[in-house]
Amino acid sequence: MATTNLTRDTFENTVLENDIVLIDFWAGWCQPCKSFAPIYEKVSDGHPDVLFGKVDTDAEQELAAQFGIQSIPTLAVFRENVLLMNQPGMVPESALSELVDRVKDLDMDAVRAEIAAAQAADSDDKKAANDT
């Protein structure tokens, strides 16, 4: 499967309309990005059920800023519209393929429950801080 170039205009719908989306934030002048690109492309070939997107941080500076991209390449992973990972650095082929498999195996109901619990705890902490 070929990778898909994402822009500010296509990003949201891409994440909403696909179960699993991996996003490579990159730039043409970045040597590690150039080294990671064929790895990313090769792993995408082995997972046709996953959308592998690419965001050119030079062309899509607003989108890169939304994600707080400070180092490239950065890999972001979404499943069912939930951001699971946003991490800079190259990923070896075997680790990237393993990551995709782990994302596929996730129990998203459990992930959402963990997120809700963390948000509730954060809200309780803020309320307690405001009460003091």
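The values are calculated or read from the model by the stated rules, or taken from the named source; none is laboratory data. In this text the structure is predicted, and so the values were computed from the model without any measurement. Glycine gets a Cβ as well: all are built from the backbone with ideal geometry, and neighbour counts include every protein chain shown.
For region 25-36, the criterion of being assigned to a helix (DSSP H, G or I) and touching a strand residue (DSSP E or B) at 6+ places or on another chain (Cβ under 6 Å) is satisfied by at least one residue. Among the residues of region 20-50, those identified as closer than 19 Å to E60 by Cα and of a type in the set (A, V, I, L, M) are V21, L22, I23, A27, A37.
Taking E41 as the residue in question, decide whether it is of a type in the set (D, E), in a helix (DSSP H, G or I) and over 13 Å from the mean Cα position of the chain (by Cα). When the stated conditions are applied, E41 passes them.
Residue selection: E80 satisfies the criterion of being acidic (D, E), out of contact with any Lys or Arg (no Cβ under 7 Å at 6 or more places or on another chain) and at positive phi. Pairs meeting the criteria (first residue in region 85-107 and in contact (Cβ under 8 Å) with a residue 40 or more places away in the chain, second residue surrounded by 13 or more Cβ atoms within 10 Å (Cβ to Cβ) and small (G, A, S), beta carbons under 7 Å, at least 6 apart or on different chains) are S97/G46. How many residues does region 1-24 hold that are closer than 30 Å to D109 by Cβ and assigned to a loop (DSSP other than H, G, I, E, B)? Matching residues across region 1-24 total 5.
Among the residues of region 13-28, just one is surrounded by fewer than 14 Cβ atoms within 10 Å (Cβ to Cβ) and either in contact with an Asp or Glu (Cβ under 8 Å, 6 or more places away or on another chain) or modelled with pLDDT under 95 (or both), namely G28.
Looking at region 47-132, the helices (runs of 4 or more DSSP H) lying wholly inside it that each contain 1 or more residues that are more than 27 Å from P32 (Cβ to Cβ) and out of contact with any Leu (no Cβ under 6 Å at 6 or more places or on another chain) sit at 93-105, 108-131. Residues that are loosely packed, with under 14 Cβ neighbours inside 10 Å, modelled with pLDDT of 95 or more and over 28 Å from D105 (Cα atoms) do occur in region 47-58, at least one of them.
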